[in-house]
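The numbers here are math on the coordinates, done by the rules we state, and not lab data. As the structure is a computational prediction, the values presented were derived from the model and not from experiment. Note that we place each Cβ from the backbone using ideal geometry, even for glycine, and neighbour counts take in every protein chain shown.
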Amino acid sequence: MPDPSVAIVTGAAHGIGRATSELLAIRGANVVAQDIDAQALTWTDGWPNVQPHPGDVRSESDNQDLVEATLSSFGAIDTLVLNAGVTAPGSLDHLPLEQFDRVLDVNLRGTVLGLRAAIEPLRTSSRAAVVMTASVSGLGGDPGMWAYNVAKGGVVNLVRAAAVDLARHGIRVNGVCPGPTRTAMTAGIEEASPETFEGLRRQTLLQRWGQPEEIAEVIHFLASPASSFITGVCIPVDGGLTANTGQFPPLRID
C-alpha cells in the first residue's frame, strides 16, 4: 500500500540522503529533498513526488524556509530525516579550528536547527518521526577524526535528549549509525588509501562496505509506523563493525 506521508530529507543530493529520498518516494511518500548543492539535486527531475529545495542546514532561516515550503506544497510534515553531514580529517593539534567549527555547524548545529524548525508541524502529525544520521564514529574514537567523532557523538546524544523532550508531543526521535558506506564522502578512500579501505572492510564482520540503499532501508523503518514503539535509540548499520572488540580481526569469510 502506498505511503501517503510527507517527508523532508536533508543532505539529499548524494549517498544516504539521495537513497533515502528515492526509497521514501518509491513507497509513496511526498518528499522534499534539501541540499546545499543545488546542481546535484537535478536527480529529482522526473520524480513527480520529490521536490528539490536548495538550502544550507547551518542557516536558521534556510531551515525555516524548508519547513514553510514543505507545508505550502504538501500541507504537513510527518517525517524529518536530518542527514546532512561533512567531515574534516586532521590531528587534534593541527586541524584548523575553522574546519572543526564547520564540522560542528553542519553535523550538529544544523541538525538542531532542522529539528527546531519542524517541531510545530510535526506535533500535528499522527505519525511524527525524526531520524538523524549519526555514525559509528559517534560511538567511539577514530585516528585523526576527532572533529567528526565529537560532532557525531553529539548527534547520538541529541537523539536521546530530543526523544525525551518530544515524546509528550507524540514525536518519535531515532538515529542510525552507519559504518563504512560507499558515499560521495568516502569515495576517495579506496584510491587514496587502499590500506585504510581494506582495513575498514576487514573490520566488519560481513567483510564488505555498505551501500547507501542499506542505510536507507533502516531509516525508512524508523520513519514508518512499523517502528511505532521505538524512540530514543541509535541503530548501528555497520556490517557488524561495532560488535567486534577491535583487538582481533574478524574471521575471514571463505
Next item on the list: Pop a pseudo-label 7 angstrom from the Cα along the beta-carbon direction at both SER59 and ASN157 and give the gap in nm to one decimal.
Entry: 3.1 nm
Notebook entry, point to check: So which chymotrypsin sites (Phe, Trp or Tyr not before Pro) in segment 151-253 are both in a DSSP loop and have at most 12 other Cβ atoms within 10 Å of their Cβ?
Noted result: PHE229
Checklist line | trypsin sites (Lys or Arg not before Pro) restricted to DSSP loop in segment 1-93 with at most 10 other C-beta within 10 Å | finding: none
Notebook entry, point to check: Taking the Cα atoms only, what angle lies between the long axis of helix 146-166 and the longest principal axis of the chain, rounded to 10 degrees?
Noted result: 40 degrees
Next item on the list: Work out how much length ALA184 to VAL164 would gain on full extension: take 0.36 nm times their residue separation and subtract the Cα-Cα distance, in nm to one decimal.
Entry: 3.9 nm
Next item on the list: Please report the relative contact order for the chain, taking Cα pairs under 8 Å with a sequence separation of at least 6, and give it as a percent rounded to a whole number.
Entry: 18 percent
Item checked: Label-point separation in nm, ARG252 to GLU198, each point 7 Å along Cα→Cβ -> 1.2 nm
Checklist line | Selection of trypsin sites (Lys or Arg not before Pro), segment 157-238, meeting DSSP coil and at most 14 other Cβ within 10 Å | finding: ARG208
Next item on the list: Please give the contour-minus-distance gain from GLU214 to ALA40: 0.36 nm per residue of separation, less the Cα-Cα distance, rounded to one decimal in nm.
Entry: 60.5 nm
